[in-house]
Amino acid sequence: MGLTPGFNRPLQTNMKKALLILASFSILGLAACGGGDSVDPIDKYLGTWEGCISNDFGSHRETLGISKTSATTAQSTVVPVNYLATACAGTGSQPVNKLITFDLQGTKAIETRTIGAQTVDKVIITDAGVQRKDIFLIFDSMFRFSPGGGPEDAEGYPNTLDTNFETRK
């Protein structure tokens, strides 16, 4: 016995409807999820950063390993190596690891000569139990912060960014 033409059509039509319904629910499910993971304010600073910073005594290379502790806080292992020469050249000192924490406190606008008007993150840094205020900015894939010792706003946060920076490693 052979199949009569069109015998499989109801089955094909039902399969097409089932696939269409399944695809619709899949799309709705993705839309309900928001399409991906949420991004917390601290996330842009996570990872490993490194920079060579010149100073009055020569230079030092700083490596920061930053990991998230909450949506607005992180901890960082800082590994500084000091050099007598500029540009982190020659033999450096023995690295000493230290742990510091960052706590984001909101944002503020600043004006810089080199990169113009920017909105920076206000940060409280805790280093060996001592807290200080700083500002952070990721600009052009570079991590910038204040040089310290410069002018401050009414809340005690710096108003300037350092010309030195850290790059993602």
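The values are calculated or read from the model by the stated rules, or taken from the named source; none is laboratory data. None of these values were measured; they are calculated from a predicted model. When we count neighbours, we look across all protein chains shown, and the Cβ atoms used for this are built from the backbone with ideal geometry, even at glycine.
Points worth noting:
- Cβ separations smaller than 7 Å between residues 6+ apart or across chains give the following pairs from segment 52-70 residues that are in the same structural domain as Phe136 (by TED's automatic domain parsing) to residues that are surrounded by 17 or more Cβ atoms within 10 Å (Cβ to Cβ) and not in a strand (DSSP E or B): Cys52/Cys88; Ser59/Cys88; Arg61/Cys88; Arg61/Gly92; Ile66/Tyr45; Lys68/Ile42.
- Residue match in segment 67-74 (condition: among the hydrophobic types (A, V, I, L, M, F, W, C) and modelled with pLDDT under 90): no
- Verdict on Thr107 being in the same structural domain as Trp49 (by TED's automatic domain parsing), among the polar types (S, T, N, Q), surrounded by 12 or more Cβ atoms within 10 Å (Cβ to Cβ) and in a strand (DSSP E or B): yes
- Residue in segment 114-135 that is in contact (Cβ under 8 Å) with a residue 60 or more places away in the chain, under 16 Å from Trp49 (Cβ atoms), not hydrophobic (A, V, I, L, M, F, W, C) and not in a helix (DSSP H, G or I) present: yes
- Test: Val123 is at pLDDT 95 or above, in the same structural domain as Pro151 (by TED's automatic domain parsing) and either farther than 17 Å from Phe145 by Cβ or in contact with an Asp or Glu (Cβ under 9 Å, 6 or more places away or on another chain) (or both): yes
- Out of Val79, Val96, one residue alone is modelled with pLDDT under 95 and within 16 Å of Thr48 (Cα to Cα). It is Val79.
- A single entry from Thr114, Thr86 fulfils the requirement of being in the same structural domain as Glu50 (by TED's automatic domain parsing), more than 20 Å from the chain's Cα centre (by Cα), surrounded by 12 or more Cβ atoms within 10 Å (Cβ to Cβ) and under 14 Å from Asn164 (Cα atoms): Thr86.
- Just so you know, in segment 117-135 the residues that are more than 18 Å from Gly65 (Cβ to Cβ) and of a type in the set (S, T, N, Q) include one that is surrounded by the most Cβ atoms within 10 Å (Cβ to Cβ), and it is Gln118.
- Selection from segment 89-100 of residues that are under 29 Å from Ala154 (Cα atoms) and surrounded by fewer than 15 Cβ atoms within 10 Å (Cβ to Cβ): Leu99
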